[in-house]
Amino acid sequence: MQKNRKLQIERRWRAGKWKTVTPVAQILLKGKWLEQAGFEAGHQVDVEVCQGQLVLRAIGLSVLAG
């Protein structure tokens with residue numbers, strides 16, 4: 001399995017209170033590689049946020065796929 005992925009950060013518009021619209025960043029993750037890495041549809045993910053870095057961990061995963 002390929003270890004690194006390059007993804008595009010996209011801009012989306014979110015509707016807010018009083019009919020305001022705000023631009024927000026979005027990263028879309030999809031593909032069979034997610035399941036191969038232990039991320040299954042419907043399961044929860046813990047996201048650790050650091051400056052310039054996001055770390056994703058599948059919640060309840062006892063053994064990492066590798």
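The values are calculated or read from the model by the stated rules, or taken from the named source; none is laboratory data. Since we're looking at a predicted model, the values are computed, not measured. Using ideal geometry, Cβ is built from the backbone for each residue, glycine included, and neighbour counts are taken over all protein chains shown. Note: areas computed on protein heavy atoms with side chains; ligands, DNA, RNA excluded. Shrake-Rupley method; radii C 1.70, N 1.55, O 1.52, S 1.80 Å.
Remarks
- In sequence order, calculated HN-Hα J values of the stretch 34-47 (Karplus, 6.51, -1.76, 1.60; Hz; x Gly/Pro): 5, 5, 4, 8, x, 9, 9, 4, x, 8, 8, 10, 8, 10
- The magnitude of the dipole of the chain, with charges of +1 and -1 set on the Cβ of Lys/Arg and Asp/Glu and taken from the Cα centre, is near 420 debye.
- Loop-located GluC sites (Glu not before Pro) across the stretch 1-62 with a Cβ neighbour count of 12 or fewer within 10 Å are GLU40, with loop assigned by DSSP.
- Distance in nm between pseudo-label sites at LEU7 and ALA41 (7 Å out along the Cβ direction from Cα): 1.7 nm
- Helical mean residue ellipticity (222 nm; -39500 (n - 2.57) per DSSP H run of 4+; nearest 500) of the chain: -1500 deg cm²/dmol
- Pairs of alpha carbons in the chain separated by more than 13 Å make up 75% of all such pairs.
- As a fraction of the 1.4 Å probe accessible area of the chain, surface on carbon and sulfur atoms comes out at 52 percent.
- Along the stretch 14-25 the Karplus relation, 6.51 cos²θ - 1.76 cosθ + 1.60 evaluated at θ = phi - 60°, assigns HN-Hα couplings of 10, 6, x, 5, 6, 6, 8, 10, 10, x, 9, 7 Hz to successive residues, with x for each Gly and Pro.
- Surface per residue (accessible, 1.4 Å probe) for the chain, Å²: 97 Å²
- Selection from ALA15, PHE39, VAL55, by position along the positive dipole direction of the stretch 6-58 (Cβ): ALA15
- Sparsely packed trypsin sites (Lys or Arg not before Pro) within the stretch 16-62, loop by DSSP, other Cβ within 10 Å at most 15: LYS30
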